[in-house]
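Note sheet for the following structure.
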Amino acid sequence: MLWEPVDPVAALAARFGFTDAGHAVSELATVVREAWGGRLDRCDRLVISASNLLAWLTVDGRPVVAKCSADRARFSRLAEVDDLVAWLHSRDVPVAAPSPAPDGRLRVEREGFSIALHPLVRGRLLDVDDAGQVEAAGRALATLHEELAAYPRPIGEEARPGEQLVHGDFRSANVLYDAGRITGILDFDEVGSRSRIADLAKAAVLLGTRYHDWAPTSPETRTRFVAAYAEEAPLTEAQQDELDRAIAAVLNHFGWT
């Protein structure tokens with residue numbers, strides 16, 4: 001389990017219909033073979049997060065991550081998100097672009113599941129105790145906002161004035177760092193049209209959070225992160241005032257004031 005305090009075998013059965021891990025791996029092997037024409041060499045790890053099952057696999061000698069969803073209501077949105085991530089990859093944004101099947105599909109539906117294969121991105125979860133990593137993250141979010149603003153198709157509701165597509169969950173659990181740079185921005189499941197200042201505020205407060213024991217970043221870390229962001233995407237005085245109010249609202253929402 002990624003963050004829930006429940007029995008993983010019971011969750012596998014209740015949410016995905018798999019009797020055990022072996023059954024899940026067998027089904028994944030079938031999908032990999034039939035849809036991608038690949039051979040599943042081994043499975044190193046299975047992780048459950050709500051209605052998602054993540055599997056760390058080696059397929060034809062190549063490390064990949066399979067992301068499987070059992071939430072039918074989200075299948076069409078997941079396909080839209082995959083298209084977005086593939087587009088970001090084409091723009092040199094560090095994302096794990098889905099690997100297309102031979103017929104061009106980025107996501108395959110099979111027996112109640114929607115499955116995509118992503119390359120394994122090298123790196124460690126962002127460490128907010130490292131000033132260099134915090135600054136790299138701030139610059140990366142600014143660049144991501146710029147690229148998302150240029151995406152030619154809406155995801156979900158149309159953006160209102162002052163809104164654009166934003167990541168929605170930019171924090172340590174979804175940002176990888178290696179060899180002096182951000183190597184992966186992961187998990188675009190929360191992408192949607194909102195104010196980029198609101199997205200920046202949420203990221204500034206939650207940047208250090210992973211899966212358990214959430215806590216706000218220090219004021220010093222937030223200042224460093226925002227300053228690095230502003231190097232790439234300068235903020236007007238009005239935007240800085242809006243950001244200060246938005247940060248206070250995030251802190252208040254989590255009871256950290």
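Just one of 82, 169, 60 is out of contact with any Cys (no Cβ under 8 Å at 6 or more places or on another chain), surrounded by fewer than 21 Cβ atoms within 10 Å (Cβ to Cβ) and under 23 Å from residue 195 (Cα atoms); which is it?
Step by step, each of 82, 169, 60 is checked, and only 169 is out of contact with any Cys (no Cβ under 8 Å at 6 or more places or on another chain), surrounded by fewer than 21 Cβ atoms within 10 Å (Cβ to Cβ) and under 23 Å from residue 195 (Cα atoms).
Within region 200-232, how many residues turn out to be among the aliphatic types (A, V, I, L, M) and more than 22 Å from the chain's Cα centre (by Cα)?
Of the residues in that region, 2 qualify.
When you check residue 49 against the structure, is it without any contact (Cβ under 8 Å) to a residue 40 or more places away in the chain, at negative phi and of a type outside the set (Asp, Glu), yes or no?
Spelling it out, it is not the case that residue 49 is without any contact (Cβ under 8 Å) to a residue 40 or more places away in the chain, at negative phi and of a type outside the set (Asp, Glu).
What number of residues within region 134-152 are over 12 Å from residue 233 (Cβ atoms) and surrounded by fewer than 22 Cβ atoms within 10 Å (Cβ to Cβ)?
Result for region 134-152: 5.
Looking only at region 107-120, count how many residues are over 25 Å from residue 178 (Cβ atoms), surrounded by 15 or more Cβ atoms within 10 Å (Cβ to Cβ) and not acidic (Asp, Glu).
So the count comes out to 5.
Please find, within region 67-91, the residue that is farthest from residue 157 (Cα to Cα) out of those that are in a loop (DSSP other than H, G, I, E, B) and among the charged types (D, E, K, R).
Across region 67-91, the extreme among qualifying residues is 91.
Please specify each residue of region 31-49 satisfying the condition of being surrounded by 13 or more Cβ atoms within 10 Å (Cβ to Cβ), more than 12 Å from residue 66 (Cβ to Cβ) and not hydrophobic (A, V, I, L, M, F, W, C).
Matches in region 31-49: 33, 41, 49.
For the list (1) surrounded by 14 or more Cβ atoms within 10 Å (Cβ to Cβ); (2) at negative phi; (3) at pLDDT 95 or above, I need the number of the one condition that residue 123 fails.
Result: residue 123 fails condition (2) only.
Can you tell me which residue in region 33-51 is nearest to residue 119 (Cα to Cα), limited to those that are modelled with pLDDT of 95 or more and within 16 Å of the chain's Cα centre (by Cα)?
Going through the qualifying residues, I end up with 47.
Just wondering, is there one or more residues in region 203-214 that are within 21 Å of residue 248 (Cα to Cα), among the hydrophobic types (A, V, I, L, M, F, W, C), modelled with pLDDT of 95 or more and not in a helix (DSSP H, G or I)?
yes
Being assigned to a loop (DSSP other than H, G, I, E, B), aliphatic (A, V, I, L, M) and more than 15 Å from the chain's Cα centre (by Cα): is that true of residue 197 here?
no
Taking residue 227 as the residue in question, decide whether it is outside any loop (DSSP other than H, G, I, E, B), exposed (fewer than 15 other Cβ atoms within 10 Å of the Cβ) and out of contact with any strand residue (DSSP E or B) (no Cβ under 7 Å at 6 or more places or on another chain).
Taking the combined requirement at face value, the residue satisfies it.
The values are calculated or read from the model by the stated rules, or taken from the named source; none is laboratory data. Since the structure is predicted, the reported quantities are computational estimates derived from the model, not experimental observations. Cβ: placed from backbone, ideal geometry, glycine included. Neighbour counts: every protein chain shown.
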